[in-house]
Amino acid sequence: MKHKMKLLTAMLLLAIAIVFIPTGDRASAAASVIQTNAISNAVTVKWTPPTKSSSWTSFTINSYTVGCAQTREAAEKAAKNSTTKLSGTSTMTTIKNLSAGRTYYVYVYCQYTYTYSTGNTYTSNSLVGSAKCVTTPIAVSGLALEPSYTTNHSTLYFDWTPQSCADGYNYVVYSLSGKQLQTKTVSGYSGSYTNSANKGQAYKVRVRAYIKVNEGKKNIYGPWSNWIYMVPQPDINKAEVTSAKKLTLSWDKANGATSYEVFVSSTGRRSGYKKVATITNPSTTSTTIANFDGKSFDRDRTYFVYIRATKTIGGKTFYSDTSYRTLVY
């Protein structure tokens, strides 16, 4: 009986000891990690150090380790296993050699020593916190005119290819003379500009993406896209086959255009178009086409016509939309 009592007493003391052995993970205060800055190939994070528990008689932060990867699991593993240690007084670090326009996860671990109220000293490797970080966006691509911008419309619509890391976009619209007409910040990947008093104008547009850091208090912008020159598609006012079996056309002037190109199809509204004329004088808004496919125009046949305006600048040619098409019969 005495032997059993001694055994039970020993087991009870062991259980009590296990219950009251402190662990660093439970005792250390959780702290936040936030991104404070970014460039194209690096991110900067800061954190709040863990605090001393009231049950500790001493507490010393020895070092920090940081892990960065494109998945949470890999970033945490890198932080736990890192042999590169930051000073125990550190509260910020910059992680380099990253790629632009990418999302990363950053984990911070703290290695510290503390003495418990029993007088026993312990060491711990505990999570300080983690943050989702992004490098600055790359230049926006795919900026283009949306369909149906014609000379009788006062609103220009355009869009671009979205970037997964971007929090938003900033675009500017300029006149061809270089006057800034609009600057706007949007969360989506499309924009517009309206000028009701001056329809049929050509404009130049560019856009850049941005990210938010420092808990949304700071915007960091990526590089601007190339300028895109957007010229409206001319509206056709007149299109008919004359008794002389020629096609006569007239259209609205697209201000800012360099030239006009005339396309004709005899097979349908959406296919079979061939370029039949190029008008290099942008002030000319009418022409007569003598033949199509080597033959005179047939007054008993149906044709489809559209005119494309062009803008050539810096050796590069930009084109209007071509969705506005006219039936000739």
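Within segment 303-315, one or more residues are exposed (fewer than 13 other Cβ atoms within 10 Å of the Cβ), assigned to a loop (DSSP other than H, G, I, E, B), at positive phi and of a type in the set (Gly, Ala, Ser). Counting the residues of segment 111-161 that are assigned to a strand (DSSP E or B), closer than 30 Å to Asn62 by Cα and over 18 Å from the mean Cα position of the chain (by Cα) gives 17.
Just to be sure, is Ile61 of a type in the set (Val, Ile, Thr) and modelled with pLDDT of 95 or more? So Ile61 fits the description; yes.
Residue count for segment 162-187 satisfying the condition of being under 21 Å from Asn219 (Cα atoms) and outside any loop (DSSP other than H, G, I, E, B): 11. Can you spot a residue in segment 135-150 that is more than 30 Å from Thr317 (Cβ to Cβ), in contact (Cβ under 8 Å) with a residue 24 or more places away in the chain and not small (Gly, Ala, Ser)? Yes; the residues of segment 135-150 include at least one that is more than 30 Å from Thr317 (Cβ to Cβ), in contact (Cβ under 8 Å) with a residue 24 or more places away in the chain and not small (Gly, Ala, Ser). With respect to Ser126, is the statement that it is closer than 21 Å to Ile34 by Cβ, outside the structural domain of Ser164 (by TED's automatic domain parsing) and modelled with pLDDT under 95 true? Taking the combined requirement at face value, the residue satisfies it. The residue that is nearest to Phe318 (Cα to Cα), among those in segment 229-284 that are of a type in the set (Val, Ile, Thr) and surrounded by 17 or more Cβ atoms within 10 Å (Cβ to Cβ), is Val231.
The values are calculated or read from the model by the stated rules, or taken from the named source; none is laboratory data. On a predicted model such as this, the values are computed, not experimentally measured, just so you know. Cβ sites come from the backbone with ideal geometry, for glycine too, and all protein chains shown count toward neighbours.
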